[in-house]
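Chemist: Quick one: structure below, then a few questions.
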Amino acid sequence: MTAAARLPRSIRNPYRVPRPAVISFSGGRTSSYMLKKIVDAYGGQLPSDIAVVYANTAMERPETLEFVDRCSREWRIDIVWVEYLWDAPHRTRVVDFATASRNGEPYAALIDRKGFVPSISIRYCSGFLKRDRIESYARHWLGLKRWHAVIGLRADEQRRVLRMRAMNCGSRTGAHAVLPLADAGARQAAVLDWWKRQPFDLGIPSYAGNCTLCMLKGRAKLIRLIRADPTLADWWIEQEAKVANRTGPDGRACESMKRFRLGETYAELKAAALDHRDLFDDAAASPGENAESDSFDCHCTD
Ligand code: SF4
């Protein structure tokens, strides 16, 4: 072992992530910034024991899918696309840019299977649609028993970083979380500034990333997104309608299993968004809103 290799990783380049590693690529600016830094740290080419995996919920915007594909082509990186599919081996379907679902099919199928919608309190979507699919790929396709799960949490997302370090996301499964952005002190401003100097970009505001109207986005952001494209709400309304008669284990009505967001259905949210007497909501949804104002789960990073 060289003297440099004996140094703690934080003193070495944090982007030279320990291996074998599986990078969770979310298709956002932060995660792609991290990916490029890792590629650069390895001299422009990832070693064969570092994989990059994008878990497609099919509720991301088309711009996100195009961005994932563009990053792959521009930086000459193999990005593996995976989706949830109950009947597939290990519940995981390997797809690509051309064959990926685009109308929420994996997410809707998961809701059908569960019989209730995820919510802020029971947020099963991220685990099933992203974390488990990436871990499944690592274990069954790559044959790994233990690996480093590289996740794009920044230094300015301290609550999430601390939570992730505390639970070391997925360690029971063999995945050991590594957070190079947090280790490197990379903050949102630096990421956005870096992207301004690149020849291509995501093309949508960061708050429009991940699933279109994720219940973890603040209400003001949801209102703004629906105003810009009212049809975005329809899939979410449809999912809530499917479980409208859902009851709890004791047979009584259980509101939290029928709604993504407590206190307001997506039909009500859409009506509020289109009610122009409510225009002041819009002002609160600034694109520069602190990233921690929304509490995304570990594999739903920017
Ligand atoms: S972005 Fe939101 S809705 Fe989509 S998987 Fe993550 S937590 Fe669930």
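Chemist: Rounded to the nearest 20 debye, what is the charge dipole size of the chain about its Cα centre when +1 sits on each Lys and Arg Cβ and -1 on each Asp and Glu Cβ? If you can, show how the numbers build up before the last one.
Modeler: Numbers: 46 positive and 37 negative charges, 247 e Å.
Here the size comes out at about 1180 debye.
Chemist: List the pair-distance distribution P(r) of the range 75-159, using every Cα-Cα distance, as the percent of pairs falling in each 5 Å bin from 0 up to the bin containing the longest distance, rounded to whole percents.
Modeler: That works out to 3, 12, 19, 22, 19, 16, 8, 2, 0, in percent per bin.
Chemist: Follow-up question, since we're still on this one. Would you mind checking the tilt of helix 219-228 against the longest principal axis of the Cα atoms of the chain, expressed as 0 to 90 degrees and rounded to 10?
Modeler: 80 degrees
Chemist: Let me ask something else about it. Could you state the angle between the C-alpha long axis of helix 29-41 and the longest principal axis of the C-alpha atoms of the chain, as a value from 0 to 90 degrees rounded to the nearest 10?
Modeler: That helix lies at roughly 10 degrees to the long axis.
Chemist: Would you mind calculating the relative contact order of the chain from Cα pairs under 8 angstrom and at least 6 residues apart, reporting the percent as a whole number? Present the calculation step by step, with values, prior to reporting the outcome.
Modeler: Details: 479 pairs, mean separation 70.1, N = 302.
Computed over the chain, the figure is 23 percent.
Chemist: What do you get for the angle between helix 232-242 and the principal long axis of the chain? Use alpha-carbon atoms, 0 to 90 degrees, nearest ten.
Modeler: 70 degrees
Chemist: Next question. Choose one of 248, 103, 223: the residue whose Cα lies farthest towards the positive end of the charge dipole of the chain (beta-carbon charges +1 Lys, Arg; -1 Asp, Glu; about the Cα centre).
Modeler: Positive-end residue among those listed: 248.
Chemist: Continuing with the same structure: Would you calculate a helix-derived [θ] at 222 nm for the chain, using -39,500 (n - 2.57) for each DSSP H run of n ≥ 4 and dividing by the full residue count, to the nearest 500? Intermediate results must be reported in sequence, preceding the final value.
Modeler: Working: 13 runs with 107 residues, N = 302.
Helix contribution divided over all residues of the chain: -9500 deg cm²/dmol.
Chemist: I would also like to ask the following. Once Rh for the range 182-286 is found with the Kirkwood sum over Cα pairs, what is the Stokes-Einstein diffusion coefficient at 4 °C and 1.567 mPa s, in µm²/s?
Modeler: Numbers: Rh = 16.0 Å.
For the chosen part, D equals 81 µm²/s.
Chemist: Assuming 1.567 mPa s and 4 °C, estimate D for the chain with Stokes-Einstein, Rh taken as the Kirkwood radius over Cα pairs, in µm²/s. Intermediate results must be reported in sequence, preceding the final value.
Modeler: Details: Rh = 20.1 Å.
Taking Rh from Cα pairs, D becomes 65 µm²/s.
All of the numbers you see were taken from the coordinates with simple rules; none came from a lab. In this text, all values refer to a predicted model and were calculated from it rather than measured experimentally. FYI the Cβ positions are ideal-geometry reconstructions off the backbone, even for glycines, and counts take in every protein chain you see.
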